[in-house]
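Let me begin by presenting the structure, written as structure tokens, before commenting on it.
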């Protein structure tokens, strides 16, 4: 740690070349102001989630509660109790979809990225070109044929159409492949010489070395799945997700506003917490994200 | 002689395939699960969509071939499509480059500070796009009555007397939408830029200082940006693809359809015909056009960045 710290300090000293303190001060002011603008709506919603209902509509509007209360969070579990589906079911659905989708995405992308990054099998360049192309279009383009595919597989109104397509998100594979390319070849070769199978090399040598990359894939995948709202693949209420429930609560009008804020806070805290803990790893992964021609 | 030659070549091809499989079989096994899903859910759909755009498929009846009729109808008869195309282009031409340069500027500034401040600032700027569906909070800020935060503040300061209809008055909708879109646009490209700035070889700066680089702006232009071109290209792809795919944010805050179709984009038009009217052939034509626009813009911008 201390060596690490020293290295950092050295880096800092290097950077002091060509810096005027006056400009630094004004740049800091500017970026602090912009940062406030970015974070303000999130603070607003956190503040609102602790407001009792009568404080939500006072004029002029206030950012923070006068008499903070946990009521909205308690109400989260009761507000939809009169509906057939309890709130906990939506939470369970979202957790299930997020955990399975993310796990599958990390495992399949890593397995696929390994030969792409380190082997010279025929067809490799074409495949990677397809991945690059997939980065350049949005999933909305494929929505209609995907519906037909799901229907013919008999997957409509199950969890599968929410989980399985997430396995093959192109961004994750791309980042993983770029990151794996940095692993020095001798490590892999020596493992092979010691008699490790490809599978063993992959699990015991590659995967521990790309921890940063799979943490990044985890964040990106959770971000997408955790926030997934209503889809056309699922129509049974008991299979729907938390983000869908949130939109239903918010549509419930003024009386539901407080609970809606509490659910929003729960929704946003999960990806933010993951990012706080994995931040350094994610930046490390992104440093190999560049497109090289 | 001849027969034996063909036999020989046949057997060598077989041997080659066999050898190839022995050599690469495991690699293909590793790729297979991802590859299969990727082809089924990302590549084949694009092809099917293109083929379907030449049919009148409507889910109930067997599709019939209609040639270019869907496209003719889109460009010649469908006024809403023309409007959606125009809106999509305007919104992406504004939000795409602005979000790209915003991400670049903020990443650069964030990188000027010590690691602890840098971590905090990164989180502040990345949090909106990180928290996904929470953009609905803008409903509270832009709410049309005096309880909306923005209206409340403006009325309280006596700047306006009647609440402004931020989300339904066509005079203000566009500006409101751009603000919200930019607010949550600092995504993956922002992180890539931060990493790019962090990884520039520090000795280059010293060498630059010796060679007469006088301030941080010159340093940025002559040293930093040229050495992070790969990240810039990646960031461009992310910004472009994102800005053409905007749809849910708008319907979440401004409703679907928005007032006078003022913020109607190609994504909305696609959802309208695909999910509501079930005119799948027609919707596929819209999807195909969106696909071509996305790929075309990406290729074009990447080629331009490559020339720099």
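Looking at (1) surrounded by fewer than 21 Cβ atoms within 10 Å (Cβ to Cβ); (2) farther than 30 Å from residue B:198 by Cβ; (3) more than 9 Å from chain A (Cβ to nearest Cβ), find the lone condition where residue B:248 falls short.
Only one criterion is unmet by residue B:248, namely (3).
Could you figure out which of (1) part of a helix (DSSP H, G or I); (2) within 22 Å of residue B:96 (Cβ to Cβ); (3) within 8 Å of chain A (Cβ to nearest Cβ) isn't true of residue B:140?
(2)
Filter the range A:27-64 for residues that are touching a residue at least 40 places away in the same chain (Cβ under 8 Å) and either touching a helix residue (DSSP H, G or I) at 6+ places or on another chain (Cβ under 6 Å) or in a helix (DSSP H, G or I) (or both); which is surrounded by the most Cβ atoms within 10 Å (Cβ to Cβ)?
Only one residue fits best here, namely A:48.
Picking from B:58, B:70, which residue would you name as being buried (at least 17 other Cβ atoms within 10 Å of the Cβ) and either more than 8 Å from chain A (Cβ to nearest Cβ) or without any contact (Cβ under 8 Å) to a residue 60 or more places away in the chain (or both)?
B:70
Out of the residues in the range A:123-171 meeting the condition of being facing another protein chain (nearest Cβ under 7 Å), modelled with pLDDT of 90 or more and not in a helix (DSSP H, G or I), tell me which one is nearest to residue A:225 (Cα to Cα).
Filtering the range A:123-171 for residues that are facing another protein chain (nearest Cβ under 7 Å), modelled with pLDDT of 90 or more and not in a helix (DSSP H, G or I), the one nearest to residue A:225 (Cα to Cα) comes out as A:168.
Is it true that residue A:14 is farther than 28 Å from residue A:255 by Cα, surrounded by fewer than 16 Cβ atoms within 10 Å (Cβ to Cβ), facing chain B (nearest Cβ under 7 Å) and modelled with pLDDT under 75?
yes
Residues that are over 23 Å from the mean Cα position of the chain (by Cα) and closer than 30 Å to residue B:179 by Cβ: find the helices (runs of 4 or more DSSP H) completely inside the range B:1-113 holding 2 or more of those.
Once the helices (runs of 4 or more DSSP H) in the range B:1-113 are filtered for at least 2 residues that are over 23 Å from the mean Cα position of the chain (by Cα) and closer than 30 Å to residue B:179 by Cβ, what remains is B:79-110.
For the range B:156-197, enumerate the residues that are over 22 Å from the mean Cα position of the chain (by Cα) and either under 30 Å from residue A:174 (Cβ atoms) or in a helix (DSSP H, G or I) (or both).
Selection gives B:156, B:170, B:171, B:172, B:197.
Which residue pairs have Cβ atoms closer than 7 Å, lie 6 or more positions apart in sequence or on different chains, and pair a first residue in the range A:201-226 that is under 14 Å from residue B:188 (Cβ atoms) with a second residue that is modelled with pLDDT under 90 and assigned to a helix (DSSP H, G or I)?
From the range A:201-226, the pairs are A:223/B:130; A:223/B:132.
Name the single residue, out of those in the range A:120-129 being surrounded by fewer than 17 Cβ atoms within 10 Å (Cβ to Cβ) and without any contact (Cβ under 8 Å) to a residue 12 or more places away in the chain, that is nearest to residue A:202 (Cα to Cα). Quick ask: steps written out before the conclusion?
Step one: list which residues in the range A:120-129 are surrounded by fewer than 17 Cβ atoms within 10 Å (Cβ to Cβ), which gives A:120, A:122-126, A:128-129.
Checking which are without any contact (Cβ under 8 Å) to a residue 12 or more places away in the chain leaves us with A:120, A:122-126, A:129.
On the way: A:120: 16, A:122: 20, A:123: 21, A:124: 18, A:125: 21, A:126: 23, A:129: 24 Å.
So, considering only residues that are surrounded by fewer than 17 Cβ atoms within 10 Å (Cβ to Cβ) and without any contact (Cβ under 8 Å) to a residue 12 or more places away in the chain, the one nearest to residue A:202 (Cα to Cα) is A:120.
The values are calculated or read from the model by the stated rules, or taken from the named source; none is laboratory data. All values reported here derive from a predicted model rather than from experimental measurement. Ideal geometry is used to build each Cβ from the backbone, glycine not excepted, and the neighbour counts take in all protein chains shown.
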